[in-house]
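Worksheet: one structure, shown below.
The values are calculated or read from the model by the stated rules, or taken from the named source; none is laboratory data. The structure displayed is predicted, hence computed values, not measured ones. Using ideal geometry, Cβ is built from the backbone for each residue, glycine included, and neighbour counts are taken over all protein chains shown.
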Ligand code: NDP
């Protein structure tokens, strides 16, 4: 029996609320709180059965968050608002002595940069307060990190080469839309590329390195090397890695739109003065782009995300590929959201389950790969994200 305060009523929050509501024995009390209360109420009404309570909160306002936590008294706060809120919610959890879980690492609003240093800096304070922070419990980061931990535990003596491959082969029928929060998404994919090799970071121009990769059940898709946050914790937690990279597929139409958006300054994060009012171009762009939460109804096709790993087992070189394919249509039928929200919300729910069951409960701040992957992997198969393993195959990389 556990009480959850879920923060953020977007696509991911919708999935977490649906999934938790299905398990009343474990998630006995769920409160969904967000900036816009009507969105929480709409999600709660759709789920029905009085399973979800709702509240309005500005998660950037620490005293407001503290009051909400004190009045609801959750066992765990699950943060699926935006990365900008991470530190404020972590502060409120620290002040109230409640554990924390999120799916994306902190980003300062005024600088398009994400890294774990800000959140790792809370480790000693969380340890001393006897509470747990579980960082990055979505799909990537999240399941990809747990896949890596599972591979290292069960299939290798040492892992040497890791390539995380993320393919969205879905079609939503719009000329341009992002699959999760447009502001966060565009900030992420327009950054310089970066990967780990021989003990150091190697930098590339955005989308400079790309090649076609074959995805199971989908076929070849052009895949671009980008920097992704789980690389930072994985190279720290698996020091045998000689190289770690992240690849994501983009269609040509998406890239052309992205280039135009950047060239005309609409991806800017500095405020500009428009008719006497300060506006941030990328925030304005978010307001006119399709809401990722509304893409689900017409979304067809699959996502395929996994890890391709090379290393040593019993003195011999071995290759291994573990992945999940998720259908946009099936995700929509079940939760009313597309597969990108679904593949993030299901792992966040399982992470909360791991915490409530006492399986992932340790004082301090941890990335998901630092916990035992086995019970989590078992739940992925049960809760809608089954995985497949391929041994000794051509990794193409
Ligand atoms: P959305 O933009 O759909 O939803 C974000 C929600 O947070 C909105 O309901 C928004 O409120 C709310 N919110 C924003 N600011 C505040 C605030 N100050 N106080 C309270 N609530 C606030 O995003 P998604 O659901 O697509 O993504 C949620 C998170 O999941 C993001 O952090 C994203 O980076 C992460 N993510 C992680 C992935 C992974 O695999 N690890 C993949 C995809 C996403 P309002 O409705 O008023 O705007």
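Of note, residue 380 does not satisfy the criterion of being more than 15 Å from the ligand (Cβ to nearest atom) and surrounded by fewer than 23 Cβ atoms within 10 Å (Cβ to Cβ). Among the residues in region 75-88, are any within 13 Å of the ligand (Cβ to nearest atom), farther than 21 Å from residue 383 by Cβ and over 19 Å from the mean Cα position of the chain (by Cα)? No.
Here is a yes/no grid of residues against (1) within 14 Å of the ligand (Cβ to nearest atom); (2) buried (at least 22 other Cβ atoms within 10 Å of the Cβ); (3) modelled with pLDDT of 95 or more; (4) not in a strand (DSSP E or B):
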| site | (1), (2), (3), (4) |
| --- | --- |
| 126 | no, yes, yes, yes |
| 153 | no, no, yes, yes |
| 161 | no, no, yes, no |
| 176 | no, no, no, yes |
| 188 | yes, no, no, yes |
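Looking at 70, 37, which is the one that is within 16 Å of the ligand (Cβ to nearest atom) and farther than 25 Å from residue 281 by Cα? Just one listed residue meets the conditions, 37. Kindly indicate whether any position in region 285-295 is surrounded by fewer than 16 Cβ atoms within 10 Å (Cβ to Cβ), touching a residue at least 12 places away in the same chain (Cβ under 8 Å), on the phi < 0 side of the Ramachandran plot and over 22 Å from the mean Cα position of the chain (by Cα). No.
Highlighted here are the helices (runs of 4 or more DSSP H) found entirely within region 8-91 that include at least 3 residues which are surrounded by 17 or more Cβ atoms within 10 Å (Cβ to Cβ) and in contact with a helix residue (DSSP H, G or I) (Cβ under 6 Å, 6 or more places away or on another chain): 11-21, 62-72. When region 110-124 is limited to residues that are at pLDDT 95 or above and surrounded by 15 or more Cβ atoms within 10 Å (Cβ to Cβ), the one that is nearest to the chain's Cα centre (by Cα) turns out to be 116. The set of residues from region 297-310 being touching a helix residue (DSSP H, G or I) at 6+ places or on another chain (Cβ under 8 Å) and in contact (Cβ under 8 Å) with a residue 60 or more places away in the chain comprises 299, 300, 301, 302, 303, 305, 306, 307, 309.
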